[in-house]
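Q: To start, I am sharing the structure in question, which I have written as structure tokens.
The values are calculated or read from the model by the stated rules, or taken from the named source; none is laboratory data. Here the structure is a predicted model, which is why all the values come from computation and not from measurement. Virtual Cβ from ideal backbone geometry, glycine too; neighbours counted across all protein chains shown.
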Amino acid sequence: MEQKLYEAPAGWLEYCVTALLAAGVEVLAPTQQEQGLTEFARIVSPDAVHLERGNAMVPLKRVFLPPSEVLLEFEKAQGSDVKLLAGPSAPEGEAVVLGCRPCDAAALGVLDAVFQRDYEDVRYRARRERVTLVTFACTEPDEQCFCTSVGGSPQDSRWSDVLVFPTDGGGALLQVHTAKGQKFIERLGDLARPAPQGTEPPAPPGLPHRFGSEKVKKWLDANFESEFWQEVSLRCIGCGACSYLCPTCHCFDMVDEGAWNKGQRRRNWDCCALALFTRHASGHNPRPNQAARYRQRVMHKFKYYPERFGAIACVGCGRCMRACRVGQNLVSILSDIASR
């Protein structure tokens, strides 16, 4: 689809939220929760939108892959029979995600490849199909951001339906990329007008290239048994915060939870940094220490996933470094690998 550029005046965001809610559209936006936590949640008022300088702390992936969800329910029937019941259905109706950043939007491409490839996850697909993604270009990346080192950009438009460029005075340029995006613009009525001919989005902010991903992959290919993994894992405590706040991590566990006569089958987020993730019923663990588990995290994102899907499973959002309580710095580790 040909990209189109529209102008919107100050106050457009408040008008947009009000118009969408009046039309019965579910609006999901960054909101501030307890203790300063920001995450994407359903809003009922423009006042609930909390657009920070950068990303929400909790990634957009939770909208499409909930931390815990019921897949089916079961109950005891007559005798020894078990009756299967359908679990809660995926959300229905039109929805708009308003205010995510380009790295979060690009992360959906990583998840799409997993959940819509050899086996199509119907719940994930239903959530993806109903959502229009209105992404805000980054104007002030911070010291943990490194999207340009993994093929991204502060103005990356991949996977976005509309890319928003804030302008001075509270207005915006709205760049349309898909039919969904065009429908979103039409909902704004006369508020969004075609930009004058020759109008261009602002130049992206400078963000230095921190390491060469090709060099990282080349070193990983030859150093599975390197002592390097023991060295870099000494600081890691295996808490899993990096994975749970990563927009591309997608490991999950399936569990049956129930009482004596009924129960649920649930899908819960899981994490390769945790010791129980690969422990067998026999007690054997093929990744017996934190070095093996940290190696798996880096190898999966920068070697295994690229070999299978042709893309890096990291979008450079920096959440893993912001969340790490012991100061593990992924960029420093990757820069070290690239220099070897």
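Q: Run down Val70, Val17, Val58 and say which single residue is under 13 Å from Val96 (Cα atoms) and either touching a residue at least 40 places away in the same chain (Cβ under 8 Å) or small (Gly, Ala, Ser) (or both).
A: Details: Val70 fails: under 13 Å from Val96 (Cα atoms); Val58 fails: under 13 Å from Val96 (Cα atoms).
On inspection, the qualifying residue turns out to be Val17.
Q: Sticking with this structure for a sec: Quick check on segment 252-270. Is at least one of its residues closer than 30 Å to Pro141 by Cα, surrounded by 16 or more Cβ atoms within 10 Å (Cβ to Cβ), modelled with pLDDT of 95 or more and within 25 Å of the chain's Cα centre (by Cα)? It would help to see each step written out before you state the result.
A: Step one: of segment 252-270, the residues closer than 30 Å to Pro141 by Cα are 269-270.
Those still in the list that are surrounded by 16 or more Cβ atoms within 10 Å (Cβ to Cβ) too: 269-270.
Checking which are modelled with pLDDT of 95 or more leaves us with 269-270.
Okay, now just the ones that are also within 25 Å of the chain's Cα centre (by Cα), so 269-270.
Checked against the condition, which is being closer than 30 Å to Pro141 by Cα, surrounded by 16 or more Cβ atoms within 10 Å (Cβ to Cβ), modelled with pLDDT of 95 or more and within 25 Å of the chain's Cα centre (by Cα), segment 252-270 yields at least one hit.
Q: Within segment 297-340, work out how many residues are on the phi < 0 side of the Ramachandran plot and over 20 Å from the mean Cα position of the chain (by Cα). Talk me through it step by step, then tell me what you get.
A: The first filter runs over segment 297-340 and keeps only residues on the phi < 0 side of the Ramachandran plot, leaving 297-309, 311-315, 317, 319-326, 328-340.
Filter once more, so that each one left must be over 20 Å from the mean Cα position of the chain (by Cα): 307, 325-326, 328, 332-340.
Matching residues across segment 297-340 total 13.
Q: Something else now. Could you list, in sequence order, the residues of segment 178-199 that are farther than 16 Å from Ala8 by Cβ and part of a loop (DSSP other than H, G, I, E, B)?
A: Matches in segment 178-199: Thr178, Gln197, Gly198.
Q: Follow-up question, since we're still on this one. Phe115 is checked against (1) under 27 Å from Val49 (Cβ atoms); (2) under 14 Å from the mean Cα position of the chain (by Cα); (3) of a type outside the set (Lys, Arg) and fails just one. What number does that condition carry?
A: The number of the failed condition is (1).
For (1) small (Gly, Ala, Ser); (2) more than 20 Å from Val70 (Cβ to Cβ); (3) assigned to a helix (DSSP H, G or I); (4) modelled with pLDDT of 95 or more, each residue gets a yes or a no:
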site: Cys103; (1), (2), (3), (4): no, yes, yes, yes
site: Asp112; (1), (2), (3), (4): no, yes, yes, yes
site: Thr132; (1), (2), (3), (4): no, yes, no, yes
site: Asp142; (1), (2), (3), (4): no, yes, no, no
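Matching residues to (1) buried (at least 18 other Cβ atoms within 10 Å of the Cβ); (2) within 21 Å of Ala313 (Cα to Cα); (3) of a type in the set (S, T, N, Q):
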| position | (1), (2), (3) |
| --- | --- |
| Val131 | yes, no, no |
| Thr139 | no, no, yes |
| Thr148 | yes, yes, yes |
| Thr167 | no, no, yes |
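Q: Does segment 226-236 include one or more residues that are more than 23 Å from Cys314 (Cα to Cα) and either touching a residue at least 12 places away in the same chain (Cβ under 8 Å) or surrounded by fewer than 12 Cβ atoms within 10 Å (Cβ to Cβ) (or both)?
A: Taking segment 226-236 first, the residues more than 23 Å from Cys314 (Cα to Cα) are 227.
From what's left, either touching a residue at least 12 places away in the same chain (Cβ under 8 Å) or surrounded by fewer than 12 Cβ atoms within 10 Å (Cβ to Cβ) (or both): 227.
Among the residues of segment 226-236, at least one is more than 23 Å from Cys314 (Cα to Cα) and either touching a residue at least 12 places away in the same chain (Cβ under 8 Å) or surrounded by fewer than 12 Cβ atoms within 10 Å (Cβ to Cβ) (or both), which makes the answer yes.
Q: Identify the residue in segment 5-63 that is assigned to a loop (DSSP other than H, G, I, E, B), of a type in the set (S, T, N, Q) and out of contact with any Lys or Arg (no Cβ under 6 Å at 6 or more places or on another chain) and, among all such residues, is surrounded by the most Cβ atoms within 10 Å (Cβ to Cβ). Outline the logic, then answer.
A: If we filter segment 5-63 for residues that are assigned to a loop (DSSP other than H, G, I, E, B), which is where we start, we get 9-11, 23-25, 33, 37, 43-45, 49-60.
Cutting the leftovers down to of a type in the set (S, T, N, Q) gives us 33, 45, 55.
Then drop every residue that is not out of contact with any Lys or Arg (no Cβ under 6 Å at 6 or more places or on another chain), which leaves 33, 45.
Working: Gln33: 13, Ser45: 11.
Ranking the candidates gives Gln33 first.
Q: Oh, and also: Within segment 190-213, can you find the residues that are within 23 Å of the chain's Cα centre (by Cα) and among the charged types (D, E, K, R)?
A: Of everything in segment 190-213, just one residue is within 23 Å of the chain's Cα centre (by Cα) and among the charged types (D, E, K, R), namely Arg210.
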